[in-house]
Structures are given as structure tokens and as C-alpha cells.
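Chemist: Mind having a look at this structure? Questions to follow.
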Number of protein chains: 2
Amino acid sequence: MPVFLDATSADFEVEFTKLLNAKREDSPDVDAVVADIIADVRARGDQAVIDLTAKFDRLTLTADTLRITDDEIAAAIAQVSTEDRTALELAAARIRAYHARQLPQDEQWTDEAGATLGWRWGAVSAAGLYVPGGLASYPSSVLMNAIPAKVAGVGRLAMVVPTPDGVLNPLVLLAAQISGVDEVYRIGGAQAVAALAYGTDTIAPVDKITGPGNAFVAAAKRRVFGKVGIDMIAGPSEILVVADGDNDPEWIALDLLSQAEHDESAQSLLITTDAAFGQAVADAVEKQLETLQRAHIAGPSWRDFGAIITVPDLATAAALTDRIAPEHLELCVGDPEALSKNISHAGAIFLGQWTPEAIGDYVGGPNHVLPTARSARFSSGLSVLDFMKRTTIARMTPEALRAIGPAAERLATSESLEAHGLSVTARLKKLND
Amino acid sequence: MPVFLDATSADFEVEFTKLLNAKREDSPDVDAVVADIIADVRARGDQAVIDLTAKFDRLTLTADTLRITDDEIAAAIAQVSTEDRTALELAAARIRAYHARQLPQDEQWTDEAGATLGWRWGAVSAAGLYVPGGLASYPSSVLMNAIPAKVAGVGRLAMVVPTPDGVLNPLVLLAAQISGVDEVYRIGGAQAVAALAYGTDTIAPVDKITGPGNAFVAAAKRRVFGKVGIDMIAGPSEILVVADGDNDPEWIALDLLSQAEHDESAQSLLITTDAAFGQAVADAVEKQLETLQRAHIAGPSWRDFGAIITVPDLATAAALTDRIAPEHLELCVGDPEALSKNISHAGAIFLGQWTPEAIGDYVGGPNHVLPTARSARFSSGLSVLDFMKRTTIARMTPEALRAIGPAAERLATSESLEAHGLSVTARLKKLND
């Protein structure tokens, strides 16, 4: 059973703080192993990647077979059913339409001093997408990472996906094709991250690496950060549902379980103004767990990290929500828009009972790569901006320099940076000659 | 003397690659020390900070004197000259005006399926600003970090600045006041970063930490990343000037020296279409170094990492510039706008000979916290967005769910995530009842 809390009880603050601080993930310390793998790939390039793939994926490759060919991709994709393809294409179109609206504007203006100022956005030239192998190899994640990159204008998008024992995942390859991925390599682990960051004879280096992965992949991304850009390191998934009593307990139970089934470390929380409804949801969860295919995962997650919190009113719900800063937030209340305006910290908000979080995982349009572990306090989900960067622009006229240059000279002097000041002084002198 | 390269020579590619890969910074490995300091602050809070400040800054504090009081700030600021205050206020006004234009827009729309989608931007609730002590304690950096945070809408901005032997820096405190900093603590080092990230009895925790610092501060920021957000870890400063022969060699020499004087590891590069002009700049640098106050810093930087590269044309200059991806880029050519359009990777561009980079350090308006070490390929300078985060919004109507829900069910099934699918199925069933 999950923990039941009541926001009006004397020990609530202690219990709620305990819930917030619960450590849900033990990251194994693989940093030394990963450091060796990266050093090996930097030193031996393709051959290191080939040797490590033989060791970890039981797959013998050569430099010529690291890349999955277009013919192989076409043959794999031919196995995909029409229904799956249609669903994936609908998802891709909706994700593309949403992300296209995120494209930022360049700006340029001339101010009253005569200075022309502005900025210009540009895409990262080359990006790498890590896709896990095996059970966590999700075509939807390929769409969610690759489409924003291509909408941003990334010229070269290289994907790596391990294929243990050589088995290709047709839906993952179809998602890559639909998204416009340019190159696919059948490699994974820290060696794939190292190959993307530093390049090998066969794999050209990229500038940014995104995508989920296991502890080795996460450690490798941390290590190559600086040499290339990376996205956030995702923790276990979370959902918070805020619901009044006017909901179907079964729907809410399934929404909670759709996070719990991801991972034994996932967390599903319910805040409700109706204690009896909370109990009904708990009962509905137990009933679903009797038959759910992934009950062996969802059960432990719900038991160990789930919670049902009863609150006296929605204002309390909003305040607790901000302290949780959930990755996914469902607002199943009479006026979800109004409640959402009182909440500052959440990765994604799903408004009303007709918007199950699973819609957002696949076909809603917004990205499903979202900040976990309370990081919605300071970070955002993946977007087109993650594949772009901004260059600031400034142009002074002689008049503009005459107007604002003396202040720069003064500040340079106060910071004892003489050459800074002289670079302005020399120009002002010419103007005054 | 710096290295002289000619883009048309046979060994250019080898020499240029060597220049690109030159290791300019040896970061001492202070990670173990920093881990201990952070653990100490987490365990003992204020008392650990007090003990470490006594040890490193030779300053005896109590919990009551960690914070610099408003009266102390007022007394220190009273020492600032009118000229310095006026210059700082001009800089602040221009930085504020530039950054105000970066405030992003919320969006919301309803698509043809009937789904209401969008996003909402919000500010980080609390941010911490690290300001180095001693020689690198720059009031301009206070403005450049604090003003974007306040423009973003950060409610609580806490600044930490070590005051070795108890000496306050009046201009730094004035910059904090002008920028709207809410709290100032006289602490520094890894202990200050730990206090901001985890909080103590006296210092409430923040959500994001920005600002430059030494190796201990950088290591501490890396360690607390995840618990809080951080800005980039800045490397030594760089400038690339692209100039034709129609420039004053002395101006360009001073621009190059204004980076070189920051740090012996700084790098100043000149690309020119005119070999004789390149030599004239080299001569002008040597002449300036005879009298420059910081010649002991600028000289080694120029000698060890400076370079003058002669190119046959501006197209070659643009191509090399993208490979360098410089932090600061000056385009001192006849049509700098045209040249800038051929360049993809630079932190900040200064157009034309009347725009010395030093203007951007102080009063131009754009931020002077910029990506170093070629990271302009994938990252941007500090901006208002660094203190904001985006929450995505989705609302389905029953009709919208009927339209796109089946695709979500299909994809959930293909990913073996049964509860995801069932959360949609249960709702569609109700619609079809």
C-alpha cells in the first residue's frame, strides 16, 4: 500500500518532507569504468567501439557494418503494420506542429544612443541521439528527441542504438526515418557516447548529444559535457494527479499506474480534496494490479513510492504541488485552468479529466522529455531551443561610442583592466582629433 | 611572439588543428576536497560555513554576521565616487533594456483536433549569485548576472562574495544594489555554493546558482548540479578579430590585449587578409606590452596562445571562424554585416571598427557571460531564459481524445506499456457508452 497523508494532521509536515526527500534511485558508481571506455574510444576509435560492442552486445562488427544501411532500415521497416505506421505518423505530425511554434525570433534594433543591438539564433550543426536498446527502446522517444532537432534546423542528426545479438527494432527505425534522422549506428553504451563526442574514422563527431540511457550512458554524458552539449540527466518518472471527488477512480488509478509501470523507482502521487475518493482510487489501483501485465514493476513502485494526500482545499493542493514540482501534473478538477494559474513549478500540465498523461507521452504534441526529481523548479522539458544557440550582436557608430564609451573607460579603470579602457580611449581620441 | 599561420601554406591544417586543440587550462583536481566541504555544510550548516570562512578568509563570523547588513552596504557604497556610480548606472540601464527584450511569450492555441496546447514561462523562485573575491571581483559581472535574473522575475536573489580579512568591495556592493540583489552574504568558496544549494539555518536554499569562480567553486557547482540548476562552467576568455588591412593596427592590438590581460590562459587571435597588417598589429602589441599595467599577464597569454592567421579571402576567414567558434568575435571589415551572415558559431559578434569588445564587457547591453572553449557550437551566453523555465500545457476535449486517443493506445501497445493504453481506453469507452 502507498502512504496516506492528511494535510491537516499534526505530523503532516514531517511526513510530507520525508516523501519529498525519499531517495528513489541508487545510481551505481560506474564512473571509473566509463572513464576507461571513453579513453579507449579516443585512443583506438572504431576498433575500440567494435571490441566493446562484441563484449557488451554479443555482436561482431567491422568499420563497414557499424552503420545500419538504408537497405537494412527499409527491410526492417517493411515489417511494421499499417496501423503502427499510421499511429507513428500521426504522433510525428502533431509533435512537429507543436515544436515548430517554438522556433525563436531574431531581433535587431537601434537604440537612442545610436547603438544597433540584437541577437540571432542558429541551429547546432550536428547532433547525436542516444536510443536505448532492449525493453526501454521506445519509438516515441525517438520522435520526441529527433523532431525538435530537425525543426531547429540541425543539419546532421546521427542516432546510436545498441542491437544486442544483432536484433533491429523496426518501429524505432521507422520513427528515425519519419523524424529525418540522417545516420543510424548499431552501437550503444558509453562507447557510443564517446564515439559521438570525439568521433572515429567512421563516425563524425557531433556538437550535442541527447536521449535517455542507463547509468553508463548517463555517466558518459556527464563526462563528455563541455566537449559537447548534453540534455538533462533524467531520473525516474513521476506523476502528480490533483483530483476532486468528481472523477472516475478507475481513470485516475490508470493514470497513476501509467507512471508506476515505467520503473520500480517511478513515483505516482494523488492529492485530493476528498478522502473517500482517495480510498476509492487506492482500491482501483489494487484491482488493476491484479491483471496488469507490468504489475511486477508498477506494484513495487506504487507500494514503495506512491502516496495519497488529502487536502482541505485546492489552495493547499497548489502549494504542495509547487513543493513537489512534478514532472507530470494532471489537474482533474472543475476549473483546471484556474488551478493551473496558481502553480509555478511543473514540467507539463494536463488539464481536465479528458487529458490522461499518456496522451502527452505519444500524440499530444508537447515533448515527453521533462524535468524530473523536482528540477522543474529550474529547468524545462526538451524543446527546439535545446538544439539552437543565440549569438548576440552589437554595432556602435562613432556617435554611439562617444555617448557610452566614457562609461566603459571608467568601469575598466575601476576594474584595473587598462587595455579594455585603452581600446575605447584610442577610438575616442581619433573622434576628437 | 604569437604563432603566425598562413591559410595557404601546406602545413596549415596541421598547425591550425594544433591551435584549436591547445590545452589552455590545467584544472587542479579539487573534487575530493570539495566533496568534503559540501558534506560538512550539509551536516553542520552555518557552523561549517563559519569555520571554513575563518580558515580560508581569515574572518571570524557568527550566524548573525554572515549576512552583510543594509547599513554596512550603505556605508560602503557611500565611498563610491559619483563618476563610478554614474558609469555603473548607465551600464545597468543598458543591460536591463537589452535583457527586457529577451522575455519570452506564453502561447496557447486550439488545433484542428480540438486539443488546446501551449506553454507558459515562469521565473525560478530563488537564485544565488556567486561573486569572486579579490582581484577578479568585478562589479560588471554582478550586473551581468543579477540583472537578467531580476528581469526574469526571480523573487529572491541571494549573492555570496568572500571578503578576505573582512574587506568589502564598495563597487561590487553598489552593483548589487543597483541590480536589485535581495541578500548579500560575506562567504565564498565551495562552502558558499553548498550553503546556497542546500541551505543553512541562516541562508535559505536557492533553485539556481550562477556566476564565475575558481576551481573550487566550479567543482562545487558541478557537484550540486541536479539539486539546483547551474550556469555554464566558464573557461579562460577568448577573442577572435577578423580584420582587413583598412584598420588602425593599434586599435586591433588593444582589442587583442583586452582579452589577454584577463588571464595568462586567455587567447587572442587575429585573422587578416593582409599579412603586412598582421605584422603591424603584432608590432603594436609588443609596443603596448612595454607599458601595459597587466603586461605580466597579457604578455604570457599573447606569447603562449596568441596567433595571427593570414587568409586569402573573407570566405576562408568565415570558415575558420566557425571552426574556432569564438567567445568574442570582432569583424573589422568593410561590410561586417555581410560577413556575419556567413558565420554560424560565435558567442557575441562586434560589428565594425567602432565596436571594441570592451564595450560589450560593460555598457553595450548584451551579456558578457559567454560560451568559451568552442562551446558556442552548442550553447549561448547568459540570458533571461537562464532564470526561467517553461511548463507545457495540454487539454483534450472528449472529441479531441476520440480523434487522437486511438493512436496513443496503439503506440502504448507497441511499447508494451499497458496502463498507458488503458488510461485512454477507459475514457474512450465512456465516450462510446
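The values are calculated or read from the model by the stated rules, or taken from the named source; none is laboratory data. Given the structure is predicted, the values throughout are model-derived calculations rather than measurements. So basically every Cβ, Gly included, is an ideal-geometry build from the backbone, and we count neighbours across all protein chains shown.
Chemist: Exactly one condition in (1) under 30 Å from A:THR116 (Cβ atoms); (2) among the hydroxyl-bearing types (Ser, Thr, Tyr); (3) not assigned by TED's automatic domain parsing to the domain that holds B:ASN214 is false for B:THR86; which is it?
Modeler: (3)
Chemist: Another question, if that's okay. Got at least one residue in region A:307-316 being under 28 Å from B:SER416 (Cα atoms), in contact (Cβ under 8 Å) with a residue 24 or more places away in the chain and more than 12 Å from chain B (Cβ to nearest Cβ)?
Modeler: In the first step, residues of region A:307-316 are kept if they are under 28 Å from B:SER416 (Cα atoms); the result is A:307-308.
Next, only the ones that are in contact (Cβ under 8 Å) with a residue 24 or more places away in the chain stay: A:307-308.
Filter once more, keeping what is more than 12 Å from chain B (Cβ to nearest Cβ): A:307-308.
Yes - at least one qualifying residue is present in region A:307-316.
Chemist: Output the number of residues of region A:298-310 satisfying the condition of being out of contact with any helix residue (DSSP H, G or I) (no Cβ under 6 Å at 6 or more places or on another chain) and either part of a helix (DSSP H, G or I) or under 14 Å from A:ASP263 (Cβ atoms) (or both).
Modeler: Just the residues of region A:298-310 that are out of contact with any helix residue (DSSP H, G or I) (no Cβ under 6 Å at 6 or more places or on another chain), to begin with: A:300, A:303-306, A:309.
So of that shortlist, the ones also either part of a helix (DSSP H, G or I) or under 14 Å from A:ASP263 (Cβ atoms) (or both) come out as A:300, A:303-306.
Residues in region A:298-310 being out of contact with any helix residue (DSSP H, G or I) (no Cβ under 6 Å at 6 or more places or on another chain) and either part of a helix (DSSP H, G or I) or under 14 Å from A:ASP263 (Cβ atoms) (or both): 5 in total.
Chemist: Could you tell me whether B:SER179 is of a type outside the set (A, V, I, L, M, F, W, C), surrounded by 24 or more Cβ atoms within 10 Å (Cβ to Cβ) and not assigned by TED's automatic domain parsing to the domain that holds B:ASP64?
Modeler: Working: of a type outside the set (A, V, I, L, M, F, W, C): yes; surrounded by 24 or more Cβ atoms within 10 Å (Cβ to Cβ): yes; not assigned by TED's automatic domain parsing to the domain that holds B:ASP64: no.
So B:SER179 fails the test.
Chemist: Only one of these is modelled with pLDDT of 95 or more, touching a Phe, Trp or Tyr at 6+ places or on another chain (Cβ under 8 Å), within 21 Å of A:LEU19 (Cα to Cα) and within 14 Å of chain B (Cβ to nearest Cβ): A:VAL281, A:VAL285. Name it.
Modeler: On the way: A:VAL281 fails: touching a Phe, Trp or Tyr at 6+ places or on another chain (Cβ under 8 Å).
Every option except A:VAL285 fails the conditions.
Chemist: Quick one: would you say B:GLU418 is among the acidic types (Asp, Glu), facing chain A (nearest Cβ under 7 Å) and more than 44 Å from the chain's Cα centre (by Cα)? Break it down stepwise before answering.
Modeler: Values: among the acidic types (Asp, Glu): yes; facing chain A (nearest Cβ under 7 Å): yes; more than 44 Å from the chain's Cα centre (by Cα): yes.
Yes: the conditions hold for B:GLU418.
Chemist: Tell me, please, whether a residue that is more than 10 Å from chain B (Cβ to nearest Cβ), hydroxyl-bearing (Ser, Thr, Tyr) and touching a helix residue (DSSP H, G or I) at 6+ places or on another chain (Cβ under 9 Å) can be found in region A:206-225. Give the steps one after another, and end with the answer.
Modeler: Taking region A:206-225 as the starting set, the residues that turn out to be more than 10 Å from chain B (Cβ to nearest Cβ) are A:210-221, A:223-224.
Those left that are additionally hydroxyl-bearing (Ser, Thr, Tyr): A:210.
Add one more test, that the residue is touching a helix residue (DSSP H, G or I) at 6+ places or on another chain (Cβ under 9 Å), and what stays is A:210.
Looking through region A:206-225, at least one residue is more than 10 Å from chain B (Cβ to nearest Cβ), hydroxyl-bearing (Ser, Thr, Tyr) and touching a helix residue (DSSP H, G or I) at 6+ places or on another chain (Cβ under 9 Å).
Chemist: Which strands (runs of 3 or more DSSP E) does region B:205-297 wholly contain that include 2 or more residues that are in contact (Cβ under 8 Å) with a residue 12 or more places away in the chain and assigned by TED's automatic domain parsing to the domain that holds B:ILE37?
Modeler: Values: elements: B:208-210, B:238-243, B:267-272.
Where strands (runs of 3 or more DSSP E) fall fully within region B:205-297 and carry at least 2 residues being in contact (Cβ under 8 Å) with a residue 12 or more places away in the chain and assigned by TED's automatic domain parsing to the domain that holds B:ILE37, they are B:208-210.
Chemist: Please go through region B:132-183 and pick out each residue that is β-branched (Val, Ile, Thr) and free of Cβ contacts under 8 Å to residues at least 40 places away in the same chain. Step through it out loud before you land on a result.
Modeler: Just the residues of region B:132-183 that are β-branched (Val, Ile, Thr), to begin with: B:142, B:147, B:151, B:154, B:160-161, B:163, B:167, B:172, B:178, B:181.
Of everything in region B:132-183, those that are β-branched (Val, Ile, Thr) and free of Cβ contacts under 8 Å to residues at least 40 places away in the same chain turn out to be B:VAL142, B:VAL160, B:VAL161, B:VAL167.
Chemist: Just to be sure I understand, how many residues within region A:341-356 are farther than 19 Å from B:GLY226 by Cα and more than 7 Å from every other protein chain (Cβ to nearest Cβ)? Walk me through how you get there before you give the answer.
Modeler: Filtering region A:341-356 down to residues farther than 19 Å from B:GLY226 by Cα leaves A:341-343, A:349-356.
So of that shortlist, the ones also more than 7 Å from every other protein chain (Cβ to nearest Cβ) come out as A:341-343, A:353.
Going through region A:341-356 one residue at a time, the tally reaches 4.
Chemist: State which residue pairs qualify: first residue of a type in the set (Phe, Trp, Tyr) and inside region B:326-351, second residue in a strand (DSSP E or B) in any location, beta carbons under 6 Å apart, and separation of 6 or more residues or different chains.
Modeler: B:PHE350/A:ALA394; B:PHE350/B:GLU330
Chemist: Part of a strand (DSSP E or B) and modelled with pLDDT of 95 or more - does that describe any residue in region A:164-176?
Modeler: Step one: filter region A:164-176 for residues part of a strand (DSSP E or B), giving none.
Within region A:164-176, not a single residue is part of a strand (DSSP E or B) and modelled with pLDDT of 95 or more.
Chemist: Kindly evaluate A:GLY364 against the criterion of being of a type in the set (Gly, Ala, Ser) and touching a residue at least 60 places away in the same chain (Cβ under 8 Å). Even if it seems obvious, please write down each step before you answer.
Modeler: On the way: of a type in the set (Gly, Ala, Ser): yes; touching a residue at least 60 places away in the same chain (Cβ under 8 Å): yes.
Yes; evaluated as a whole, the condition is true for this residue.
Yes or no, residue by residue, for (1) at the interface with chain B (Cβ under 8 Å from one of its Cβ atoms); (2) closer than 13 Å to A:GLY211 by Cβ:
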site: A:GLU112; (1), (2): no, no
site: A:ALA115; (1), (2): yes, no
site: A:GLY122; (1), (2): yes, no
site: A:GLY128; (1), (2): no, yes
site: A:TYR138; (1), (2): yes, yes
site: A:ALA152; (1), (2): no, no
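Quick grid of which residues meet (1) free of Cβ contacts under 8 Å to residues at least 60 places away in the same chain; (2) more than 43 Å from the chain's Cα centre (by Cα):
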| site | (1), (2) |
| --- | --- |
| A:PHE387 | no, no |
| A:THR392 | no, no |
| A:ARG395 | no, no |
| A:PRO406 | yes, yes |
| A:GLU409 | yes, yes |
| A:ALA412 | yes, no |
| A:SER423 | yes, yes |
| A:LYS430 | yes, yes |
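Chemist: Give the residue that is surrounded by the fewest Cβ atoms within 10 Å (Cβ to Cβ), with candidates limited to residues of region B:146-163 that are small (Gly, Ala, Ser) and not in a helix (DSSP H, G or I). Lay out the reasoning, then the answer.
Modeler: So in region B:146-163, the residues small (Gly, Ala, Ser) come out as B:146, B:149, B:152-153, B:155, B:158.
From what's left, not in a helix (DSSP H, G or I): B:153, B:155, B:158.
Working: B:GLY153: 15, B:GLY155: 13, B:ALA158: 23.
Only one residue tops the list, namely B:GLY155.
Chemist: Name the residue that is farthest from the chain's Cα centre (by Cα), counting only residues in region A:298-310 that are buried (at least 18 other Cβ atoms within 10 Å of the Cβ) and under 26 Å from B:THR413 (Cα atoms). Before you say what the answer is, go through the steps one by one.
Modeler: Filtering region A:298-310 for residues buried (at least 18 other Cβ atoms within 10 Å of the Cβ) gives A:298-299, A:301-302, A:305-310.
Next, from what is left, pick out any that are under 26 Å from B:THR413 (Cα atoms): A:298-299, A:301-302, A:305-306.
Details: A:ALA298: 22, A:GLY299: 25, A:SER301: 21, A:TRP302: 23, A:PHE305: 22, A:GLY306: 23 Å.
In this case the residue turns out to be A:GLY299.
Chemist: Which of the strands (runs of 3 or more DSSP E) found entirely inside region A:64-145 contain at least 3 residues meeting this: surrounded by 23 or more Cβ atoms within 10 Å (Cβ to Cβ)?
Modeler: Values: elements: A:107-110, A:116-123, A:126-130.
Correct list: A:126-130.
Chemist: Here's another thing I want to ask about it. Just one of B:LEU351, B:LEU428, B:LEU411 is farther than 23 Å from A:TRP121 by Cβ and touching a Ser or Thr at 6+ places or on another chain (Cβ under 8 Å); which is it?
Modeler: Numbers: B:LEU351 fails: farther than 23 Å from A:TRP121 by Cβ; B:LEU428 fails: touching a Ser or Thr at 6+ places or on another chain (Cβ under 8 Å).
Going through B:LEU351, B:LEU428, B:LEU411 in turn, the sole match is B:LEU411.
Chemist: Filter region A:1-37 for residues that are part of a loop (DSSP other than H, G, I, E, B) and within 18 Å of A:LEU240 (Cα to Cα); which is nearest to the chain's Cα centre (by Cα)? Spell out how you get there, then give the answer.
Modeler: To start, the set of residues in region A:1-37 that are part of a loop (DSSP other than H, G, I, E, B) comprises A:1-2, A:7-11, A:22-30.
Still in the list and also within 18 Å of A:LEU240 (Cα to Cα): A:1-2, A:7, A:22-24.
Details: A:MET1: 30, A:PRO2: 28, A:ALA7: 32, A:ALA22: 22, A:LYS23: 21, A:ARG24: 19 Å.
The residue in question is A:ARG24.
Chemist: Could I ask something else about it? Could you look through region A:237-275, keep only residues that are among the charged types (D, E, K, R), more than 17 Å from A:LEU370 (Cβ to Cβ) and more than 13 Å from chain B (Cβ to nearest Cβ), and pick out the one that is nearest to the chain's Cα centre (by Cα)?
Modeler: Ranking the candidates gives A:GLU264 first.
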